[in-house]
Amino acid sequence: MAQKAESNGSAFFDSRVQTILCNHCILCHNDRLKNGNVSFEHRESLLHGGSRGPTVVPFKPDRSVLIHAVRRDGKVSVMMPPGPPLSGKDVATLTEWIKRGAPWGSGNVVCEELNFSVGPDRKQEPKGPNP
């Protein structure tokens with residue numbers, strides 16, 4: 001039964017959460033640019049957090065800096081992402097992901113528009129043919 005729950009968590013991450021991270025977070029919060037001293041490329045980095053504390057506290061969205069930042073509720077001194085806020089649907093998806101324990105995906109998360117991948121077994125290699 002635990003395997004099924006883990007599988008479902010990975011599927012939720014792969015199908016819903018990774019898109020939000022790729023579209024709104026990874027550009028500034030990656031291993032190369034670590035804004036706020038946190039990278040969204042690794043689950044461990046999100047759990048450890050950055051300059052404002054744990055970015056994600058599994059099962060506890062109300063204790064997660066990420067959720068306060070995307071809700072823009074004033075409980076942390078930052079509002080993310082810069083510019084227009086996330087949609088209510090995206091905030092709800094991130095909240096649900098954390099409620100589920102913030103499971104990571106079943107493989108690499110590929111952010112195609114940024115030309116690098118993130119995840120447990122990611123490689124910092126450009127995609128496509130070498131110049």
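The values are calculated or read from the model by the stated rules, or taken from the named source; none is laboratory data. Since this is a predicted model, take the numbers as computed values, not measurements. Reconstructed Cβ throughout: ideal geometry from the backbone, glycine too, with neighbour counts over all protein chains shown.
A Cβ distance below 8 Å, combined with a sequence gap of six or more or placement on separate chains, defines the contacts here; from the stretch 23-49, residues that are at positive phi reach residues that are assigned to a helix (DSSP H, G or I) and of a type in the set (A, V, I, L, M) in the pairs Gly49/Val65.
Residues of the stretch 92-113 that are over 12 Å from the mean Cα position of the chain (by Cα), at pLDDT 95 or above and assigned to a helix (DSSP H, G or I): Ala92, Glu96, Lys99.
With respect to (1) modelled with pLDDT under 90; (2) assigned to a loop (DSSP other than H, G, I, E, B); (3) not acidic (Asp, Glu), the lone exception for Val56 is condition (1).
Would you check if Phe13 is in contact with a Leu (Cβ under 7 Å, 6 or more places away or on another chain) and within 18 Å of Arg100 (Cβ to Cβ)? When the stated conditions are applied, Phe13 does not pass them. Screening Glu44 against (1) in a helix (DSSP H, G or I); (2) within 12 Å of the chain's Cα centre (by Cα); (3) at pLDDT 95 or above leaves a single unmet condition, (3).
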